[in-house]
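Data block below; observations after.
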């Protein structure tokens, strides 16, 4: 099957820090890839190189056949690539000056040039799917974190992207709100859309991921099915990480 | 010296001084528009990536904020025509109001630029990233997402700048423009200064009342513009 997303030899430095050291990653259509790894392993940076929010220094990014050289590209090409993707942010990043409905409509109207009336109807439908029909006319600051993040997911979904990038979508949420957002993401995953998810939610990864990637120190240490990575990790670094995360106390006592 | 102060005559001077109100408003409005445009230009240069425009913008702001408006008025009113003459341009026919508008625009534009820069930087960078993530172009993101939010942040400072600019229009009298302050001086001179305290108190009341109205407008605009966007609680 054709690859939906290809990352080829991605290098990235911030100043003197060489943080992504030649990452290669191929993601098939319909894959739900979960990237795990300790804090500071630059999972988020890797994710952001896919839609050029962080531009890699070397390598190439391909989304649904559209390939971009990280060293040499024009603004127009970056925009074209971004229009094949959508992103859900850790801090939701809903447009503060727009209502929830306007947030979801914004991309349809300004980017896809869909007539307002149609865009509004589509947006209301999708907001109903994430359970926010009652909140269409509220501003982001009037909603809970969980509601904001579900709106963020709706804003990404409505663009019908080739791949959705989730950047730690539940990390900023109060614990009791994590469930509603994870459930929404699970529903999205079942529609067969290609997803890359950076998260610390192991049980979510086990349930939803078709593939898990374990990253540390700016490179991929190990990858495979959840049953392989989470149950029988081969690499000692993966084993240590999983032990720390599943039994924090035992790890602390070592 | 005999005390000739007659407070009961103060209200009577107000309509008289107010006859110069259109001149003051004209100076204020034109200077405001020019200073906003100039401020936007300076801000764009200042926050851009190019080195030279950035250096020029920063130098401009540092100079304009450091120089007293009255000094600037004298420098330009007295100095510019001479400078122009030396390159063969005759500025003697240019009205004094034009000079005042130019000076106030220049001096206010630095404050406007600082206000715009601060407001622009106060918009969370996640807002731009979100706009890019849905595929917007830079300009669309600015127009639809960044600018409306920066504007909301800028309203209180903008109101403050307009009030400062309004008060600075009173410096126009220094080169003989008959604005509110110029009118007050003219009335006072006509009676050889006998009633000057009363006239200046009347003028002060006019400025004060106008500033109160401007402040109210600023608060009202802020309230309307940011309606619903702030948290319902707190």
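Look at where the Cα atoms of segment A:3-82 and of segment A:169-204 average out, and the two centres are 21 Å apart.
Eigenvalues of the alpha-carbon gyration tensor of segment A:119-254, scaled by 5 and square-rooted, set the equivalent ellipsoid semi-axes at 32, 17, 11 angstrom, largest first. In summary, segment B:114-206 shows an alpha-carbon radius of gyration equal to 1.84 times the 2.2 N^0.38 Å reference for compact globular proteins. Overall shape of the protein assembly as shown was characterised from the C-alpha gyration tensor. The equivalent ellipsoid obtained from it has semi-axes of 61, 25, 20 Å, in decreasing order. Hydrodynamic analysis of segment A:1-93 uses the Kirkwood radius over alpha carbon pairs. Inserted into Stokes-Einstein at 37 °C and 0.692 mPa s, it gives a translational diffusion coefficient of 239 µm²/s. Taking the convex hull of the alpha carbon positions in segment B:55-118 and averaging its projected area over all directions gives 5.0 nm². Fully extending the segment from residue B:9 to residue B:71 would add 18.9 nm, taking 0.36 nm per residue of separation and subtracting the current Cα-Cα distance. Each listed q (0.16, 0.18 Å⁻¹) maps to a log10 I(q)/I(0) for chain A from the Debye sum over equal C-alpha point scatterers, namely -1.23, -1.45.
In segment B:22-180 the Cα-Cα distances spread across 5 Å bins starting at 0 as 2, 9, 15, 17, 17, 14, 10, 7, 5, 3, 1, 0 percent of all pairs. In terms of overall dimensions, segment B:159-210 has a Cα radius of gyration and Dmax of 11.6, 38 angstrom.
Considering only B:193, B:204, B:176, give the residue with the highest GNM mean-square fluctuation for chain B, with springs between Cα atoms whenever their separation is below 10 Å. Taking springs between Cα atoms under 10 Å, the residue moving most is B:193.
Please find the FRET efficiency linking residue A:187 to residue A:72, where r is the Cβ-Cβ separation and R0 is fixed at 35 Å, and quote it to the nearest 0.05. Result of the calculation: an efficiency of 0.35. Within the listed set A:91, A:183, A:17, the Gaussian network model of chain A (springs between alpha-carbon atoms below 10 Å) gives the highest mean-square fluctuation for A:17.
Report the residue, chosen from A:130, A:231, A:104, that carries the largest GNM mean-square fluctuation when chain A is represented by alpha-carbon nodes joined by springs under 10 Å. Result: A:231 has the largest fluctuation of those listed.
At q = 0.17, 0.23, 0.25, 0.34 Å⁻¹, work out log10 I(q)/I(0) for segment A:97-142 with the Debye formula, treating every Cα as an identical point scatterer and leaving solvent out; two decimals please. Each listed q corresponds, in turn, to -0.42, -0.74, -0.85, -1.21.
The modelled label-to-label distance between residue B:125 and residue B:191, using points 7 Å beyond Cα along the C-beta direction, is 6.3 nm.
Restricting the calculation to Cα atoms, segment B:38-88 shows an Rg/Rh of 1.12 when the hydrodynamic-style radius is the Kirkwood one.
Where a number appears in this text, it was derived from the coordinates with a stated rule and is not lab data. On a predicted model such as this, the values are computed, not experimentally measured, just so you know. Neighbour counts are summed over all protein chains in view; Cβ atoms, including those assigned to glycine, are modelled from backbone coordinates with ideal geometry.
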